[in-house]
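One structure below.
The values are calculated or read from the model by the stated rules, or taken from the named source; none is laboratory data. Treat the numbers as computed from the prediction; the structure is a model and nothing was measured. Here the Cβ positions follow ideal geometry from the backbone for every residue, glycine too, while neighbour counts run over all protein chains shown. Just the protein is used for accessible areas: all its heavy atoms, side chains included, with ligands, DNA and RNA removed. Shrake-Rupley method; radii C 1.70, N 1.55, O 1.52, S 1.80 Å.
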Amino acid sequence: MAEEEPAVPILLRALQGLTLKDFQEFKMKLSEVHVEGGWNIPKDSLAKAAHPCALVSCMGENYSEDTVMDIAIGVFREMNLRDLAEELLDETVKEHKQKYKEHVVQGFLRYKEVSSRPGEKLSIRSHFTTLTITRKPRSKHEAVDISHGCADTSNRPATITTQTLFNPDEDGQTPQVVVLVGAPGMGKTMTVRKVMVEWAEGTIYTQFDYIFCIDCKDIALPKEASVADLVSKCCPHRRVPVGKILEDQKRILFILDGFEALGFALVQPEEELSSDPRAVKPLETTLMSLLKKTLLPESSLLITTRPMALQSLGQCLEGEDYMEIVGFSRATREEYFHRYFGNDQKADVAFGFARANEILYSLCGIPIMSWTVCTILKQELHKEKDLMECSKATTWMSVFYLSWLVKHRDRGNPRDLQRFLLKLCSLAADGIWKHKVLFEEKEIKDRGLDQPDLLPLFLNEKIPRKGVDHGNIYSFTHLHLQEFFAAMFYVLEDDGEMVGDSGDITKDINVLLESYSESREDLNVTVRFLFGLVSQESIEYMDIIGCRTSPRAKEDLLRWLQGRHRSTSQPGQGMKLSQLDTFHFLFEMNEKSFTQRALDGFTDMDLQDMKLTLYDQMALSFCIRQWPGLGSVTLRGCSFQQQDPEYKVAASVPRLIGHVVGGHGPLMLIGWWGGLVWLPPCRLADGGGGGLSHRLQWCRLPESCCAALAALLAQHRSLEQLELGDTALGDRGVRLLCQGLRQPHCRLRVLR
């Protein structure tokens with residue numbers, strides 16, 4: 001080692017600058033140093049180190065490089081040579097920063113997906129697809145509007161990127177606290193990975209010397225910690241110069257990823273908040289102190305969260321900026337398919353399939369849906385199947401993926417798999433009821449889920465740090481998967497056995513449905529999966545993995561659907577549907593006969609003041625085609641989301657016209673800027689001749705509707721009376737109407 005170049009050149013230069021007296025004093029104090037868990041340098045070795053180069057080599061033979069620097073800094077301080085100590089400390093921090101960045105790249109660059117082969121990890125560089133992020137108004141009282149995943153930014157503020165989250169706003173103010181909001185599966189954690197890697201590589205956020213990422217899912221259980229502890233946890237080395245790192249607060253960024261998973265209320269009395277970075281406090285107190293800026297007030301924060309946590313988070317922050325992840329844009333959806341497949345031909349085929357289906361294409365705006373669709377279609381293409389044979393329901397895709405997943409497990413007894421799934425579904429349902437997404441190791445064992453060949457297929461595992469005794473923490477890969485398995489809990493037969501402990505919940509589908517109707521709106525996705533799971537297509541795929549569906553489930557759902565709307569209908573009038581989720585449920589099942597039975601007896605549909613997404617519109621269109629008794633459809637004050645930004649709002653109207661008029665003969669649809677009204681021809685009050693009448697009042701019909709009206713006058717001979725009030729037809733509109741009146745088949749008698 002004596003012949004090698006010294007490991008710490010700056011220490012060598014410092015020793016070379018000492019006087020002979022100071023050099024000897026350094027050696028003497030070095031002989032008295034006691035290293036915890038180590039040993040002192042032998043005195044004869046020190047005696048032989050007669051010059052700085054030999055002494056540095058001697059120290060390197062006995063201690064690690066980090067320990068050498070720590071010892072030298074301490075000795076210089078004892079000798080009151082503080083300038084040299086600070087110079088060495090600065091060099092130590094610089095080297096630590098470089099090693100930390102290397103550690104960040106190693107830890108965040110690659111990640112494992114559920115569908116990955118054993119040992120396979122994907123690179124964030126090649127698989128990350130740009131997300132659409134918009135800046136929200138700086139107001140903690142404003143609800144952040146999370147759309148259904150369609151990143152239509154035509155009416156949104158200018159979009160920003162991961163590189164510009166901390167850029168000055170329109171007022172020139174640089175945000176110190178940024179809250180990145182996104183629904184489950186929108187890509188918040190992937191965005192954090194991207195930020196960490198690009199910062200470590202020196203391409204973004206060079207204003208920060210350090211970025212520390214705190215995974216809230218990893219620290220959900222209460223324990224004590226200081227900020228210094230949290231920083232040390234992020235760093236790879238045993239000796240971390242925490243004091244030096246925290247000196248320049250302005251150059252530090254803390255990332256709290258998954259704020260909603262913390263699992264405790266961030267409400268602390270002001271007097272209990274901490275201002276000392278080294279003070280060990282309950283974790284909630286330390287985090288609240290960071291959020292309230294009593295700790296490191298000049299540092300910056302990036303917080304990712306689901307919308308449900310915004311209210312509590314807003315109470316902790318001041319002057320924060322809100323950013324919203326709205327998913328993939330139209331261009332980046334296609335980019336994602338190409339990045340996922342890595343093969344242009346297969347990517348084009350798969351994307352063409354998704355693009356041809358308006359609902360599927362719309363849902364692919366949500367990153368987790370793009371991932372799910374690509375995962376399934378990749379398997380279909382591998383089997384050289386015709387993609388047009390694939391079903392389009394979200395539930396079916398989940399069932400299909402489940403069947404594919406279990407096929408790739410280690411072979412075993414099929415009954416073992418059935419029992420495991422029943423236990424897993426019980427865990428999922430219990431969590432949904434209790435708003436719980438993290439499960440302790442004891443819960444896994446109590447339910448008999450600790451099966452190493454099956455558990456990793458369905459649950460993510462978080463291994464605690466050494467010294468933490470609460471065991472591993474588990475979670476479903478995604479909240480929607482937990483909701484899917486929770487729905488399975490209610491529809492699967494278990495041969496009369498109670499497999500595992502279902503806790504306090506009862507396996508009664510009617511309890512779930514009534515709770516949803518009365519107060520638990522958060523059960524919407526679970527209920528939607530229920531309808532999808534009892535479709536014939538899903539049942540057949542469930543049979544593949546040996547899971548039988550209860551024959552009572554479908555009839556229970558039918559009775560509930562028919563009963564939930566009866567109380568809203570007026571005596572003597574037709575039964576009315578006014579809840580949009582009913583159409584979602586029927587569309588998810590996608591069975592014509594069931595839809596017809598469910599809608600039998602209902603004559604009116606009335607939806608008001610809603611923003612109808614592409615999914616909503618397709619659900620409505622599907623149900624209207626199966627609704628022979630439909631007499632009146634009102635969409636008042638509703639807006640229509642568009643797939644193509646260049647289309648005007650009214651561009652969605654013709655699609656719905658085709659579905660309604662095509663299936664119901666003389667049923668009329670008229671569209672205008674404020675909404676839509678379908679009015680069926682009704683018999684004249686005087687009953688003369690059995691003629692039909694349309695009343696279109698207060699509809700603010702524009703001139704552009706007159707051509708469609710004129711065509712209807714000629715097509716429907718039974719129409720004898722038409723009332724138009726409070727319209728904006730104009731002279732040209734009236735001329736168009738007159739053309740319809742002149743048609744030989746027009747039998748209109750009264751025009752008001």
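For the stretch 290-318, filtering for residues that are of a type outside the set (Ser, Thr, Tyr), over 18 Å from Ile255 (Cβ atoms) and open to solvent by 40 Å² or more (accessible area, probe 1.4 Å) leaves 5.
Only one of the listed residues (Ser312, Ser289) is within 17 Å of Gly182 (Cα to Cα), among the small types (Gly, Ala, Ser) and either assigned to a helix (DSSP H, G or I) or not assigned by the TED database to the domain that holds Thr132 (or both). That residue is Ser312. The residue that is farthest from Pro9 (Cα to Cα), counting only those in the stretch 34-70 that are part of a loop (DSSP other than H, G, I, E, B) and open to solvent by less than 30 Å² (accessible area, probe 1.4 Å), is Val35.
Against the list (1) modelled with pLDDT of 80 or more; (2) under 19 Å from Thr395 (Cα atoms); (3) buried (at least 19 other Cβ atoms within 10 Å of the Cβ), the condition Asp616 fails is (1).
Listed by position, the helices (runs of 4 or more DSSP H) enclosed by the stretch 349-409 that each have at least 2 residues that are among the charged types (D, E, K, R) and modelled with pLDDT of 65 or more are 367-382.
Determine, yes or no, whether Ser123 is within 46 Å of the chain's Cα centre (by Cα) and under 30 Å from Met369 (Cβ atoms). Answer is yes for this residue.
Right, Pro222: closer than 28 Å to Ser64 by Cα and either modelled with pLDDT under 80 or assigned by the TED database to the domain that holds Met69 (or both) or not? So Pro222 fails the test. Just one of the numbered conditions (1) open to solvent by 10 Å² or more (accessible area, probe 1.4 Å); (2) closer than 26 Å to Val231 by Cβ; (3) at pLDDT below 85 is not true of Pro277; which one? Pro277 satisfies all of (1) open to solvent by 10 Å² or more (accessible area, probe 1.4 Å); (2) closer than 26 Å to Val231 by Cβ; (3) at pLDDT below 85 except (3).
Once the stretch 90-119 is narrowed to residues that are outside any helix (DSSP H, G or I) and aliphatic (A, V, I, L, M), the residue that is modelled with the lowest pLDDT is Val114.
Of the numbered criteria (1) in contact with a helix residue (DSSP H, G or I) (Cβ under 7 Å, 6 or more places away or on another chain); (2) over 25 Å from Glu95 (Cα atoms), the one Pro42 fails is (1). Residue pairs whose Cβ atoms lie under 7 Å apart, sitting 6 or more positions apart in sequence or on different chains, and linking a residue in the stretch 517-544 that is closer than 16 Å to Glu588 by Cα and free of Cβ contacts under 8 Å to residues at least 12 places away in the same chain to a partner that is open to solvent by less than 30 Å² (accessible area, probe 1.4 Å) and among the β-branched types (Val, Ile, Thr), are Ile539/Thr549. Go through the stretch 289-302 and report how many residues are at pLDDT below 95 and within 24 Å of the chain's Cα centre (by Cα). Result for the stretch 289-302: 1. Number of residues in the stretch 554-601 that are at positive phi and either modelled with pLDDT of 90 or more or surrounded by fewer than 20 Cβ atoms within 10 Å (Cβ to Cβ) (or both) equals 2.
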